[in-house]
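> Below are the structure tokens for one structure; questions will follow.
Taken together, the values in this text are just the output of simple stated rules run on the coordinates, not laboratory data. Source: prediction; values computed, not measured. Here the Cβ positions follow ideal geometry from the backbone for every residue, glycine too, while neighbour counts run over all protein chains shown.
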């Protein structure tokens, strides 16, 4: 997957597939893309964080922020123990064993 200012692109054999807010990204300004060992692809944007798995984008709702206020994320990393680290301008968060996180789809407000 490649990041850019208008969503994220995925090359599927000879085809290029683009994903934007229409497909579930929190924001089209993508700051990083991280492929975890589990096969999950974590995408950080100016409007929040989501994951791409099984061809679908699901938005991650952080319990401490609430749905109406999602933080800008600038990066994500999975360490060798499977913990997910998420980087925001003023915070660093860690979730033990990222594959066990519960992520539910969020309806696009458009």
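> Which stretch or stretches of the stretch 29-48 have amide N atoms under 15 Å from the point lying 7 Å from residue 6's Cα along the Cα→Cβ direction?
29-30, by backbone N distance to the label point.
> Give me the one-decimal nm value for the distance between modelled label points at residue 93 and residue 37, 7 Å along each residue's Cα-to-Cβ direction.
Using points 7 Å along Cα→Cβ, the separation is 2.3 nm.
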